[in-house]
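One structure is given here, and the rest of the page talks about it.
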Amino acid sequence: MALARQQSCFAVIAAALWMIPSASAFSSTSRIGKQAHNSCAHPLKATIERDGLFWPSSPPNDERIDRSANSEEDHDDLFDEEEYQTLDAVVKIYATHSDPDFLIPWQKRHQTTSTSSGFVIDVPGLGLRVMTNAHSVEYGSVVQVQRRGDDEKHAAIVEAVGNECDLALLRVDSLFSPQNDDQFQPFAMPIGSLPMLQDDVEVIGYPAGGDSLCVTKGVVSRIEMQEYAQAGARLLAMQIDAAINPGNSGGPVVNDELEVVGVAFQGIDEESIENVGYVVPASVVRHFLEDVRRNNGIYTGFCQLGIEVSFLENKAYRKFLKMDNLDGENKRISGVCVRRVQPSAGAYGILKSMDVVMAVDGIPVGNDGKIPFRRGERVDLGCYISSLFPGDVATATIFRDGKEMEVSIPVSPIKDLVPSHYNNKPPPYLICSGFVFTALSVPYLDAKGAWDDFYTENVSYLLGLVHTPLKQKGDEVVVLAQVLAHEANLGYEHWIDLHLLKFNGVEVKSLGHLNDLISENMRKEEQFMTFEFAPEEGGRLIVMERALSEQATEDVCKEHSIGSHYVLRTDTV
């Protein structure tokens, strides 16, 4: 998948040349559609009287609608006020990104700039806000918003970010000020319902290829669960055949009633695939807004069951579970077989391995893990679970040991052991004696090129830990990212990408835990410090003298202009 934020690697300043297009180069698309008659009058006067042929002659905003038009053709050609308000509600977003360097976590990368799209909505409990994509404002040091037809850019504050659903809310105080006249108050676009297949839609935004607003048309091609490229989460997504290009990110997708039915967010980076764009559907948008409203402007995430399952499409598998004959009733049942329950999930201790989940809240689960959605449509079971909110309880009908029963399962968002994002915060690190430790994350692996070609055996090992379930909140995979050379760590300077298991024989649970263990070692004035790395048996071992550690840490931080020898996460609890 490719995110559709338009990157601006360099600025291009083009001089505007006023030209009259030739008839061979352009076809006439004048909305008025009146053809000028031949005239013997002065050429300049004739040009002015051509009713907007070379320059728009539309009246001011409050006079744009001529309800007295007698011609049906004239009436159809005129925009109504609602259409103007809809277009005016779509804004262009300028962002300067200061992404961290995940391999050198105390540094920032070179700043980049991008443009994307957004639109004004009314968020219950918060007021007027601009909605856009999370990746459009990721690590944004400066974010500005510009209205259509306006030369002023307004400073924006990123108020809420949902990386899972790739949505963000911006607060623009100067644009939404109560002191503004009603004439300058933005129009809040209404959120519609989930469209049907083949429904007509329009994508509105500021894509590459020009500077002004762009509208493309298409139809809804498919609605199903998809992986969102921003955080790797699987949520309901809408596929359309309208063009979604870099810069369209965050722009609204509207129906014939000018209601927002989705938000453009990604495409496919394959030359052989055309006319495929993905949209965050209205149902996911509404869930995001309701989550933010319930939590006073803070996004908490989408709920999960936290189970790994096997599909039961194989007859032998179902026969092994005695699913084809329930209590002698010859009742055929369907569902999915639970293989593992994540320790941090609400289902832990409720569902067991080899349980068959037959239904959730009365919705039957198929042997392929899908549930009925709409007529002729089926989606993954996770689609329904993601529509719930933290604190909700789902009633699951399960088949266990040859018996059918019901269990209540509290649902909640589940954190990952290997996070896909740090929510626009700097990555954590800890430096001890020149050894740079960090928490394993998807951005770290991405910076290593782990998903491209084979890198090293160490990186391949770390890649295999990505889907390891979180056992306890706050746990992290601590990795030796690099070694800053110092005479105290000679012999270890080439050790990188190693999974730290123990410090002085104690299992390391997180960077914060490692920091506490090192501090305790310093207080007790123990002679040595030992670091044991994976695998548990036969892994590499680092031995350092405690007395040299503090000075070595101070030296390498000074040499590399590192302000603090550690930065720890604050969102792991």
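In a residue-by-residue description of the stretch 143-153, the property of being open to solvent by 40 Å² or more (accessible area, probe 1.4 Å), assigned to a strand (DSSP E or B) and of a type in the set (S, T, N, Q) applies to at least one position.
Just so you know, in the stretch 243-255 the residues that are at pLDDT below 95 and surrounded by fewer than 23 Cβ atoms within 10 Å (Cβ to Cβ) include one that is nearest to Val219 (Cα to Cα), and it is Ala243. Considering only residues that are part of a strand (DSSP E or B) and more than 22 Å from Ser283 (Cβ to Cβ), which ones fall in the stretch 191-222? Hits for the stretch 191-222 are Cys214, Val215, Thr216, Lys217. Under the condition of being open to solvent by less than 20 Å² (accessible area, probe 1.4 Å) and touching a Lys or Arg at 6+ places or on another chain (Cβ under 7 Å), the residues counted in the stretch 97-111 number 2.
Taking the criterion of being within 25 Å of Glu138 (Cα to Cα), of a type outside the set (Ser, Thr, Tyr) and in contact with a His (Cβ under 9 Å, 6 or more places away or on another chain), the residues of the stretch 422-461 that qualify are Leu430, Leu440, Val442, Pro443. Determine whether Glu202 is out of contact with any strand residue (DSSP E or B) (no Cβ under 9 Å at 6 or more places or on another chain) and either of a type in the set (Asp, Glu) or crowded, with 18+ Cβ neighbours inside 10 Å (or both). Judged against the criteria, Glu202 is not a match. Checking the structure you have, find out if any residue of the stretch 284-292 is more than 17 Å from the chain's Cα centre (by Cα), open to solvent by less than 10 Å² (accessible area, probe 1.4 Å) and closer than 17 Å to Val90 by Cα. There is no residue in the stretch 284-292 that is more than 17 Å from the chain's Cα centre (by Cα), open to solvent by less than 10 Å² (accessible area, probe 1.4 Å) and closer than 17 Å to Val90 by Cα.
For the condition without any contact (Cβ under 8 Å) to a residue 60 or more places away in the chain and open to solvent by less than 20 Å² (accessible area, probe 1.4 Å), what is the one hit in Ile240, Ile223? Break it down stepwise before answering.
Values: Ile223 fails: without any contact (Cβ under 8 Å) to a residue 60 or more places away in the chain.
Checking each option against the conditions leaves just Ile240.
The C-beta contact set for the stretch 525-536 (first residue over 9 Å from Ala547 (Cα atoms), second residue part of a loop (DSSP other than H, G, I, E, B) and open to solvent by 20 Å² or more (accessible area, probe 1.4 Å), distance under 7 angstrom, 6+ apart or interchain) comprises Met529/Asn504; Thr530/Asn504; Glu532/Gly539; Phe533/Gly539; Phe533/Arg540. Given the criteria out of contact with any His (no Cβ under 9 Å at 6 or more places or on another chain), crowded, with 17+ Cβ neighbours inside 10 Å and hydroxyl-bearing (Ser, Thr, Tyr), does Ser412 qualify? Considered against the rule, which asks whether it is out of contact with any His (no Cβ under 9 Å at 6 or more places or on another chain), crowded, with 17+ Cβ neighbours inside 10 Å and hydroxyl-bearing (Ser, Thr, Tyr), Ser412 comes out as yes. Scanning the stretch 545-573 for residues that are open to solvent by less than 60 Å² (accessible area, probe 1.4 Å) and in contact with a Phe, Trp or Tyr (Cβ under 7 Å, 6 or more places away or on another chain) returns Arg546, Ile562, Val567.
Scanning the stretch 392-413 for residues that are under 22 Å from Glu290 (Cα atoms) and charged (D, E, K, R) yields a count of 1.
The values are calculated or read from the model by the stated rules, or taken from the named source; none is laboratory data. Not measured: the values here are computed from a predicted model. Cβ atoms come from the backbone with ideal geometry, glycine included; neighbour counts cover every protein chain shown. Quick note on the areas: whole protein, heavy atoms, side chains included, nothing else; ligands and nucleic acids left out. Shrake-Rupley method; radii C 1.70, N 1.55, O 1.52, S 1.80 Å.
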